[in-house]
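The values are calculated or read from the model by the stated rules, or taken from the named source; none is laboratory data. What you are looking at is a predicted structure, and each value in this text was computed from that prediction instead of being measured. Cβ: placed from backbone, ideal geometry, glycine included. Neighbour counts: every protein chain shown. Heads up: the accessible areas ignore ligands, DNA and RNA and are worked out on the full protein's heavy atoms, side chains in. Shrake-Rupley method; radii C 1.70, N 1.55, O 1.52, S 1.80 Å.
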Amino acid sequence: MKEEKFSPKIVGFLCNWCAYTGADLAGVSRIKFPPSVIPIRVMCSGRIDPVYLVKAFLGGADAVMIGGCHPGDCHYKQGNYLARRRFALLKRIFENLGLDADRLKLYWISASEGPKFAKVVRELTEEIEIKGGNRIKEEIFI
Amino acid sequence: MVNIFKIKRKAEEGLKDFLLFLLETKKIEAVFILTKFNNNGVGYSLVKDKAVLKESVPLYPSMPANGGKMLSTLTLREPIRHTIAAVLRPCELRGFVELIKLNQASEENILFISYTCPGVYPLSVLKIGHETKIYEYWEKVKKFEIPKEVRPTCRACEHFLPYTSDITVSLFGENIDKETIFLTNTKKGEIFAEGFAGKIYREEKKFDRLYEIRRKEKKKLLSELDEKGWGIERLVSLFGRCISCYGCSKVCPICYCKLCDFNSARHEPKLSTYENELSKRGGIRVPTGILLYHLGRMLHVGISCVGCGMCTDVCPSEIPISTIFLKIGSSLQDMLGYIPGKDYGEEIPIRTFKTEEFTEYTA
């Protein structure tokens with residue numbers, strides 16, 4: 001029986017104006033990158049309650065990423081700054097509680113950075129393939 | 001160097017004398033204070049009657065509810081209309097200040113009185129033989145020591161000196177059987193105290209020794225918590241007993257939501273969620289989402305946690321929530337250089353930002 005190769009599932013919260021458009025551009029430009037990201041479009045990275053990231057993580061996502069506009073370029077002026085703060089709090093909590101904080105990522109990807117989006121997904125997928133799957137999938141009493 | 005006035009009365013009586021003076025001279029209309037009922041328990045009350053005030057117990061070592069949270073219920077929709085005095089513990093006062101920042105309370109027309117806090121007993125401890133416990137408690141305070149059996153977060157509390165009170169009663173290491181020492185921290189406090197007791201003089205008050213003791217206790221408490229290691233198994237072993245009563249959220253001063261998001265329909269798992277999880281994991285706890293609630297609470301309120309310890313006290317499953325939140329809260333607060341409730345003007349860190357920061361967290 002052939003063993004299935006581990007294929008990471010990454011949940012990506014992408015802001016409508018920058019990261020999501022950038023991801024779309026990567027697709028339209030036919031750039032090759034692994035289909036590991038499950039995209040969730042939000043209007044702004046600042047809209048993301050860090051609880052969503054935790055929910056994805058506890059649900060078994062092998063990695064969770066936020067894609068937002070570059071600092072200073074947020075369509076809503078300061079949403080991405082707030083997202084960065086909340087993300088930092090989340091990282092710190094994960095570190096303190098012994099949960100794998102490396103599975104949480106924050107990227108700034110602009111609408112024209114199709115190749116960057118593809119690169120980010122490629123690298124993250126490789127990183128997670130080496131790390132292995134999120135062990136939380138084995139936990140029943142969640 | 002602090003401004004001090006004092007009177008030759010036992011500490012709790014001296015404080016009540018001061019409050020009676022404020023009532024009689026019409027400087028205040030009422031007092032928000034801890035009162036005893038039926039000789040059976042204590043609770044916060046708004047008191048105007050002098051006889052009732054004489055029977056109140058402002059320094060009683062028990063916190064049936066976070067006083068700051070209770071006071072905020074009075075000022076939620078509008079400020080108090082006549083001047084009152086509120087006697088609160090430092091952590092309760094800090095909780096109140098955080099609630100002001102969250103638009104859930106107003107400090108207008110309130111004279112804040114607090115004291116150097118020795119801590120409170122868990123609600124379960126003060127039930128039997130309490131008279132000896134109260135005696136032991138004050139004996140320890142006189143010697144600058146931490147009373148045994150107070151809440152773990154009280155033992156480890158570095159914020160025993162109130163930050164925003166108008167007047168502070170100094171208890172540690174004072175001759176509390178014979179005199180009441182009042183420190184005035186604000187101009188408002190000085191004005192209210194005028195005419196009560198002789199002159200206000202200046203003196204050096206040092207609390208270094210107590211800071212040292214408390215810091216050591218905090219380090220000990222947190223390292224005991226860390227001993228068993230961290231990770232998903234530890235989290236499940238800690239929070240697995242949770243029965244989702246939401247008691248912790250109900251008593252927390254910072255958790256002000258009338259309906260917790262995690263307790264609402266938004267977080268009700270559907271049958272499809274369970275079926276999904278079943279195929280993914282081979283089994284799933286029913287109901288699912290308990291760990292999400294606790295981690296969610298850490299994210300939403302951890303930065304403002306004042307360490308009052310109400311959560312552990314009310315937990316029916318005896319989960320050490322307040323110790324875990326002390327660990328997480330302190331970590332987040334250190335990361336952002338923030339002390340909750342210290343400064344009215346300092347915005348809660350999740351509502352502000354710097355244009356350059358945390359570059360190490362962005363890939």
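Selection over the range A:93-112 of residues that are facing chain B (nearest Cβ under 7 Å), in a helix (DSSP H, G or I) and open to solvent by less than 10 Å² (accessible area, probe 1.4 Å) gives a count of 1. Can you name the residue in the range B:139-194 that is free of Cβ contacts under 8 Å to residues at least 40 places away in the same chain and open to solvent by less than 50 Å² (accessible area, probe 1.4 Å) and is also farthest from residue B:210 (Cα to Cα) among such residues? Checking each candidate, the answer is B:186. Does residue A:54 qualify as being β-branched (Val, Ile, Thr), part of a helix (DSSP H, G or I), within 10 Å of chain B (Cβ to nearest Cβ) and under 22 Å from residue B:237 (Cα atoms)? Criteria met by residue A:54. Within the span defined as the range B:255-264, one or more residues are closer than 25 Å to residue B:97 by Cβ, aromatic (Phe, Trp, Tyr) and open to solvent by 50 Å² or more (accessible area, probe 1.4 Å). Can you spot a residue in the range B:238-248 that is at the interface with another protein chain (Cβ under 8 Å from one of its Cβ atoms), closer than 21 Å to residue A:140 by Cα and either touching a His at 6+ places or on another chain (Cβ under 7 Å) or in a loop (DSSP other than H, G, I, E, B) (or both)? Within the range B:238-248 (the criterion being at the interface with another protein chain (Cβ under 8 Å from one of its Cβ atoms), closer than 21 Å to residue A:140 by Cα and either touching a His at 6+ places or on another chain (Cβ under 7 Å) or in a loop (DSSP other than H, G, I, E, B) (or both)), the answer is yes, since at least one residue qualifies.
Scanning the range A:6-44 for residues that are of a type in the set (Val, Ile, Thr), in a strand (DSSP E or B) and in contact (Cβ under 8 Å) with a residue 40 or more places away in the chain yields A:10, A:11, A:37. When residue B:287 is tested against (1) of a type outside the set (A, V, I, L, M, F, W, C); (2) more than 8 Å from chain A (Cβ to nearest Cβ); (3) buried (at least 20 other Cβ atoms within 10 Å of the Cβ), exactly one condition is not met: (3).
Residue by residue, here is whether (1) within 11 Å of chain B (Cβ to nearest Cβ); (2) open to solvent by 50 Å² or more (accessible area, probe 1.4 Å); (3) not in a loop (DSSP other than H, G, I, E, B) holds:
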{"site": "A:73", "(1), (2), (3)": "no, yes, no"}
{"site": "A:91", "(1), (2), (3)": "yes, no, yes"}
{"site": "A:122", "(1), (2), (3)": "no, yes, yes"}
{"site": "A:125", "(1), (2), (3)": "no, no, yes"}
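A single member of B:285, B:297, B:266 is without any contact (Cβ under 8 Å) to a residue 60 or more places away in the chain and in a loop (DSSP other than H, G, I, E, B), and it is B:285.
Within the range B:204-232, the set of residues being in contact (Cβ under 8 Å) with a residue 24 or more places away in the chain and loosely packed, with under 11 Cβ neighbours inside 10 Å comprises B:204 only. Of all residues in the range B:327-339, those that are on the phi > 0 side of the Ramachandran plot have Cβ atoms under 9 Å from Cβ atoms of residues that are open to solvent by less than 40 Å² (accessible area, probe 1.4 Å), 6 or more apart or on another chain, in B:337/B:349.
Between B:56, B:45, the distinction of being part of a loop (DSSP other than H, G, I, E, B), without any contact (Cβ under 8 Å) to a residue 60 or more places away in the chain and in contact with a Ser or Thr (Cβ under 7 Å, 6 or more places away or on another chain) belongs to B:56 only.
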